[in-house]
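What follows draws every value from the coordinates through simple rules; no lab data is involved. In this text, all values refer to a predicted model and were calculated from it rather than measured experimentally. Quick reminder, even Gly has a Cβ in these numbers, built from the backbone with ideal geometry, and neighbours come from all protein chains shown.
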Amino acid sequence: MTLNTPEHLENDATSPEDRRAERRHRRGNLWIASWTTVVTSLITLVGTLATLHAAPDDLVRKVVPNAEVTHTVTQTAVQTVTARATVTFTPTPDLSEAPTDGPTSGVTDSTVYLADLGDQITDYQGNYGSGSYAINGHDYPHSVALSSYGVGTTSWVEYTLNGSYSFLRASLGLNDVMSTDSVSEFAIYGNGKLLKRVRVAYARQLAVQLSVKGLVKLRIAATRTAGSDGGALRGAVFGDALLSP
């Protein structure tokens, strides 16, 4: 018994050449459909990338407000478009750490060397001078030096201040022109009260810092306690003595 299926009827009705032509036609239709899909996809991709290229700045800046945006677009021979966005971050400065025009802590216009307060000397004994003096080979250019003649002699200088200073700093020592066996006793007074007393030998220096807060009267003094010669005109040095708030 013979079944008349569509395939059977087709085999009977068409020649081999017709069937081959039909298959070629079907393959052509399939190829056209496939390339239509590819071309449509490429057109969609190109349109999307062109949109991104036309206005990417707003998109990027919505994500990174401080970004600097640059673009590179490359088109190949087959019309393939590549877009690339480069984002450079520019940090916002922290204004809380910005420098100010005011003075730094501990340094103001009222910081001054005793050597510069000659017009505020209201009393003295012996001889004194201000300027550069050497202690153990080191020069102190802003110093006050008191006379050191014979053993047991005392010289002093008294300043009248405005009470605005808090600290006195100085390097105490003997002028290099003194004899090598010299020793002097240094003393500092505030409003008539002894604040500091130390002895310093030749070729030695002693750094001191003491509170002078609220003081109006400041006296520096030196007494020679040892030495084989007659001393020097200005042998006891308050090296770079500095008043600060």
What Rg and what Dmax come out for segment 109-189 when only alpha-carbon atoms are used, in angstroms?
13.4, 41
Could you give the nm distance between label points at ASP229 and VAL151, where each point is 7 Å from its Cα heading toward the beta carbon?
1.7
Rounded to whole angstrom, the alpha-carbon centroid of segment 191-239 lies from that of segment 141-156 at a distance of 8
Prolate/oblate/rounded call for segment 112-244, Cα gyration tensor, a/c under 1.5 rounded:
prolate
